[in-house]
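**Q** Sharing a structure below in structure tokens format, with a few things to ask.
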Amino acid sequence: PEAMTTHFFPAYPWDKSSLKSMPVDLQQFEKLDAYALKVNVKNSVEELVKALLKQARTDLEKVRAIWMWICHHIEYDVVGYHNKSQLSSKPIDVLQTGKSICEGYAGLFEHMCSIAGIQCMKLSGYSKGYGYKMGQTFTGDSDHAWNAVYLDGRWHLLDSTWGSGAVDDSFTKFTFRYNEFYFLTHPALFINNHFPDNSNWQLLKPTLTLKDFENNMLHNSNFYMLGLLTAHPETAVIQTVNGKASVSVDCRSATLFTFKLKGTDEHGLMTLKKHGMKLEIYPQKTGSHKLQIFAKPSKASEEVYKCVLEYVVECKSVDKAMRFPKDLHQPVGPSWFTERQGFLRPSHPDPIIHTNDGRCSVTFTLGKDISVLASLHSENSSLTEDTRRRHIMQIHRGNQIELKIHLPHAGNFVLKVYAKKKSDPGNYDYIFNYLIACLNTEVKWPAFPQSYTKWAEDYEILEPLSGLLPANRNVQFKLKMHGIAKVLVQAENAYPLTQSRGYWEGTCNTSGCREVFVMVHENANHSFYSHVLKYEVETQ
């Protein structure tokens, strides 16, 4: 139209406050929406509009009623799409068959608006819709049509074809699935998958070039509807640097994420952040890999993850050192999610713990009434899970827990943490995991001593920490225990420990025995001893 002047297009980059280009209160539309859905007039477009407008006062309400009706009554014509010569996009034909392709949706919308006395344009251009391949270029005729409507002194965009539902992968079946996102979409978001033939109709300042449009990340409507704000990088193809690619997402509120690289989540480290997530990808093969990122709101335990982003990762070299154990579970490391489960103030906020001497210690402040279980996993370990678990020692001081870890050998380990309410019977739930990396091949720590049920949660071993004692030696013992009357260390002979300032101390000689037990008398009048710890003795 020749009356198009640039003052229709005030510069508004997306300020992240609203997904729409004008304030819209969806709750105020509830009655109108329900009414519009029930209108059933097929004989003429004029009659239909007249019926729809009975409940609509403002221009916005009129547009809403027309939009609602079209989105729920016109289905995408997958057969007609493949055979366009037979297809009529005349509004009355679209109305009577109840089917069309985008051309017909946009044409019917424009016609109904003009009857209702609302300025409306039918726009055409390129779209990243069905059949779009990442990174592709656009040439030739436009492939999609949508509308602009004039409300409150400026133009607004909408796409009733995409508002009505979706076509399956084989393009043979259409499913009605209403999508609010495409009603008065903010132009800064609409440009993500709609590129109009006439760049004025981007309603943006400055406008994007076709090249920008081709290179920019496709954010589908799930991305914005889930409250996600931005993703980095902003281009669809990522080149690895030294075998690594990084992606991050920012969002409004706590959101859960997962990812798949070529269909699995093995070759990455994903960490949840208060406002988003960070992902580092280490492909273990060169070439092009598809990376998908999924999200769901943190409150929606039963909801499914929806795909929000797709990238292509081009990998030139592989970083073999970053091969992660199969047992590593995403996301890695602590987060707002683990805080919710009662693990506060982690000593190690990062997902990887590096240790040079094979020892590390992780501390948390624990929420009330939490019992913790931890296990250690490694791919190239000949040890049983039970033995590996004895390479972790729990130490409790008030509401602090320390997990002391002595690795049996070098390599990548997964430290998994489980918890349950002490008051609950039943099983422990998995909470989170860390990756522990140790490159030092000299490392070979023995397991901690084995403890029995009478070893109370807040007891502590100061020495000996090693579960394997040297043969024919005097060994110093220092244990922190309370509420007991006597302590004996049983080797070939029995050695009593003496108590001073909350510690039980003494020596024991390991000659002539294969095992050493620590035993306690809980009550001076009892003759009965309970075993609390067991040590092995090295063989000669």
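The values are calculated or read from the model by the stated rules, or taken from the named source; none is laboratory data. Not measured: the values here are computed from a predicted model. Please note: Cβ atoms are built from the backbone with ideal geometry, for glycine as well, and neighbour counts cover all protein chains shown. The accessibility values were calculated without ligands, DNA or RNA, using every heavy atom of the protein model including side chains. Shrake-Rupley method; radii C 1.70, N 1.55, O 1.52, S 1.80 Å.
**Q** In the range 379-411, what residues are in a loop (DSSP other than H, G, I, E, B), on the phi < 0 side of the Ramachandran plot, open to solvent by 50 Å² or more (accessible area, probe 1.4 Å) and of a type outside the set (Ser, Thr, Tyr)?
**A** Those that are in a loop (DSSP other than H, G, I, E, B), on the phi < 0 side of the Ramachandran plot, open to solvent by 50 Å² or more (accessible area, probe 1.4 Å) and of a type outside the set (Ser, Thr, Tyr): 379, 380, 383, 390, 399.
**Q** Sticking with this structure for a sec: Does the range 503-514 include one or more residues that are surrounded by fewer than 14 Cβ atoms within 10 Å (Cβ to Cβ), more than 24 Å from residue 446 (Cβ to Cβ) and among the β-branched types (Val, Ile, Thr)?
**A** No: the range 503-514 contains no residue that is surrounded by fewer than 14 Cβ atoms within 10 Å (Cβ to Cβ), more than 24 Å from residue 446 (Cβ to Cβ) and among the β-branched types (Val, Ile, Thr).
**Q** Quick check, is residue 141 among the acidic types (Asp, Glu) and surrounded by fewer than 18 Cβ atoms within 10 Å (Cβ to Cβ)?
**A** yes
**Q** With at pLDDT 95 or above and surrounded by 19 or more Cβ atoms within 10 Å (Cβ to Cβ) as the only criterion, which of 459, 434 stands out?
**A** Going through 459, 434 in turn, the sole match is 434.
**Q** Does the range 332-352 contain at least one residue that is at pLDDT 95 or above and touching a Cys at 6+ places or on another chain (Cβ under 7 Å)?
**A** No: the range 332-352 contains no residue that is at pLDDT 95 or above and touching a Cys at 6+ places or on another chain (Cβ under 7 Å).
**Q** Name, by its number, the condition in (1) modelled with pLDDT of 90 or more; (2) exposed (fewer than 14 other Cβ atoms within 10 Å of the Cβ); (3) of a type outside the set (Asp, Glu) that does not hold for residue 284.
**A** Of everything listed in (1) modelled with pLDDT of 90 or more; (2) exposed (fewer than 14 other Cβ atoms within 10 Å of the Cβ); (3) of a type outside the set (Asp, Glu), residue 284 misses just condition (2).
**Q** Taking only the range 238-278 into account, find how many residues are in contact with a Phe, Trp or Tyr (Cβ under 6 Å, 6 or more places away or on another chain), in a strand (DSSP E or B) and open to solvent by 60 Å² or more (accessible area, probe 1.4 Å).
**A** Selection size over the range 238-278: 1.
**Q** Here's something else I'd like to know. Is it the case, given these coordinates, that residue 537 is open to solvent by less than 30 Å² (accessible area, probe 1.4 Å), modelled with pLDDT of 95 or more and either closer than 22 Å to residue 468 by Cβ or in contact with a Lys or Arg (Cβ under 9 Å, 6 or more places away or on another chain) (or both)?
**A** yes
**Q** How do the strands (runs of 3 or more DSSP E) wholly within the range 439-507 filter down when requiring 1 or more residues that are more than 23 Å from residue 392 (Cβ to Cβ) and not assigned by the TED database to the domain that holds residue 409: which remain?
**A** Of the strands (runs of 3 or more DSSP E) lying wholly inside the range 439-507, those with at least 1 residues that are more than 23 Å from residue 392 (Cβ to Cβ) and not assigned by the TED database to the domain that holds residue 409 span 474-480, 486-490, 494-500.
**Q** For the range 184-212, give me the residue count where each residue is under 18 Å from residue 133 (Cα atoms) and crowded, with 17+ Cβ neighbours inside 10 Å.
**A** The number of residues fulfilling the criteria is 5.
**Q** Continuing with this model, one more query. Can you name every residue in the range 31-49 that is touching a residue at least 60 places away in the same chain (Cβ under 8 Å) and either surrounded by 14 or more Cβ atoms within 10 Å (Cβ to Cβ) or not assigned by the TED database to the domain that holds residue 69 (or both)?
**A** Residues satisfying the conditions are 45, 48, 49.
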